[in-house]
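J.: One structure coming up, written as structure tokens, with questions to follow.
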Amino acid sequence: MSLRDRGYADNVLRVNLTKGTWTTERPDPEVMKMLLGGKGLGAYYLYKGSEPLVDPFSPENPFIFVVGPLTGTNAPTA
């Protein structure tokens with residue numbers, strides 16, 4: 001089953017605010033099978049993209065927006 005069939009858009013947008021550039025990437029499908037919704041994806045990218053003890057407001061710290069498959073539906077707490 002593809003990620004699109006599971007409610008994902010198959011792409012992650014990375015924006016570099018310092019350089020004013022952006023790129024798209026496809027998340028690894030094997031990793032996506034282990035994650036649940038946008039919170040899991042956000043936690044994964046935070047873990048993989050940040051260094052320990054980085055200043056919260058430094059340009060090296062990722063700023064992550066994620067949504068889950070239920071966002072915009074009538075599901076409770078979505």
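J.: With a cap of 14 neighbouring Cβ atoms within 10 Å, and only residues DSSP puts in a loop, list the trypsin sites (Lys or Arg not before Pro) found in the range 8-62.
T.: Hits after loop and neighbour filter: Lys19.
J.: OK, next. Within straight cross-link reach of Lys48, meaning Cα distance under 16 Å, which lysines are found once same-chain residues fewer than 8 apart are removed?
T.: Lys39
J.: Another question, if that's okay. What does the accessible area per residue of the range 11-58 come to in Å², with a 1.4 Å probe and no ligands, DNA or RNA counted?
T.: On a per-residue basis, the range 11-58 sits at 85 Å².
J.: Could you state the per residue volume, in Å³, of the convex hull enclosing the Cα atoms of the chain?
T.: So the per-residue Cα hull volume is 118 Å³.
J.: What value, in deg cm²/dmol to 500, does the helix sum -39500 (n - 2.57) over DSSP H runs of n ≥ 4 give at 222 nm once divided by the residues of the chain?
T.: -7000 deg cm²/dmol
J.: Ignoring any ligand, DNA or RNA, what whole percent of the accessible area of the range 5-78 comes from carbon and sulfur when the probe is 1.4 angstrom?
T.: 60
J.: So, one more: Sticking with the crude label model, points 7 Å out along Cα→Cβ, report the distance from Asn61 to Met34 in nm, one decimal please.
T.: Here the answer is 2.6 nm between the modelled labels.
J.: What distance in nm separates the two pseudo spin-label positions at Tyr45 and Thr24, each 7 Å out from Cα along the beta-carbon direction?
T.: 1.4
The values are calculated or read from the model by the stated rules, or taken from the named source; none is laboratory data. Every value quoted in this text rests on a predicted model; they were computed, and no experiment measured them. As a convention, Cβ positions derive from the backbone with ideal geometry for all residues, glycine included, and neighbour counts pool all protein chains shown. Areas reflect the complete protein model, heavy atoms only, side chains present, ligands, DNA and RNA absent. Shrake-Rupley method; radii C 1.70, N 1.55, O 1.52, S 1.80 Å.
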